[in-house]
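Below: one structure, written as structure tokens.
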Amino acid sequence: MADVELSSICVYCGSSMGTDPDFEVAARETGELIARNEITLVYGGAQVGLMGAVADAALAAGGRVIGVTPRGLWAGGVDHPGLTELVVVDSMHDRKRRMFELADAFVALPGGLGTLDELAEIATWSQLGLHRKPIVTLDVNGYWTGLHAFFRTSAEAGLLKRQYLELIMNVTGGPASLLPALRSYAAPPAGKWIEPAGG
């Protein structure tokens, strides 16, 4: 199988730094890695938290960075002023759709509910066969271990097909392992829509 082409990568991550200093280290290393490989970074547009760290590192390494933000989401001063491009959309749904359109692959760094929402939706779109793009979590100090344990529990309970345990690849080797993981990613077979009764 040929390697996945990567001209742009969408990074989901927290608007806070979190309590583990390794989160910021991983964010900065990820941003720098993306830029040094001449890949465009797509992310949520903020200059704060891990979001700001990944963007700052990519910009400092000479990379192209596109932020996507809903109009009026942040209080003044949160949108990053130094981006290559800031795309302003009308809603959170529009933001996720535009980030999807701009990216060839998706990486989730540590984050909260917003990050989980973005990750879950992009994985669901793949499960439904709407795309075949790579999706990975960067498991900094075991941050995403519990999520992948939940997926296994869901499969054991008969609520998730086992083939979808490979839908989100969990990368444990640090940012240096991201590009090989993304390029070798193979999406599992997609599910099919279920026709409603009588329709």
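Set side by side, the residues E101, E195, E156, E121 differ, and just one is over 30 Å from T69 (Cα atoms) and at pLDDT 95 or above, which is E156. In region 41-67, the residue that is most open to solvent (accessible area, probe 1.4 Å) out of those that are farther than 19 Å from R95 by Cα and assigned to a helix (DSSP H, G or I) is A60.
Residue by residue through region 1-39, note down the ones that are of a type in the set (D, E) and out of contact with any Lys or Arg (no Cβ under 8 Å at 6 or more places or on another chain).
The answer is E5, D20, D22, E24, E29, E32, E38.
Among the residues of region 148-165, those that are within 25 Å of F23 (Cα to Cα) and free of Cβ contacts under 8 Å to residues at least 12 places away in the same chain comprise A149, F150. Within region 144-163, the set of residues being open to solvent by less than 60 Å² (accessible area, probe 1.4 Å) and more than 17 Å from the chain's Cα centre (by Cα) comprises G146, A149, F151, S154, A155, L160. Scanning for something among the β-branched types (V, I, T), closer than 23 Å to V25 by Cα and not in a loop (DSSP other than H, G, I, E, B), does region 84-92 turn up at least one residue? Looking for residues that are among the β-branched types (V, I, T), closer than 23 Å to V25 by Cα and not in a loop (DSSP other than H, G, I, E, B), one finds none in region 84-92, hence no.
If we keep just the residues of region 68-95 that are closer than 17 Å to E32 by Cβ and surrounded by fewer than 16 Cβ atoms within 10 Å (Cβ to Cβ), which is modelled with the lowest pLDDT?
G82
Taking D104, is it under 24 Å from A26 (Cβ atoms) and within 13 Å of the chain's Cα centre (by Cα)?
yes
The values are calculated or read from the model by the stated rules, or taken from the named source; none is laboratory data. From a predicted model like this one, the values you see are computed outputs, not experimental measurements. Reconstructed Cβ throughout: ideal geometry from the backbone, glycine too, with neighbour counts over all protein chains shown. Calculation scope for accessible area: heavy atoms of the full protein, side chains included, ligands and nucleic acids excluded. Shrake-Rupley method; radii C 1.70, N 1.55, O 1.52, S 1.80 Å.
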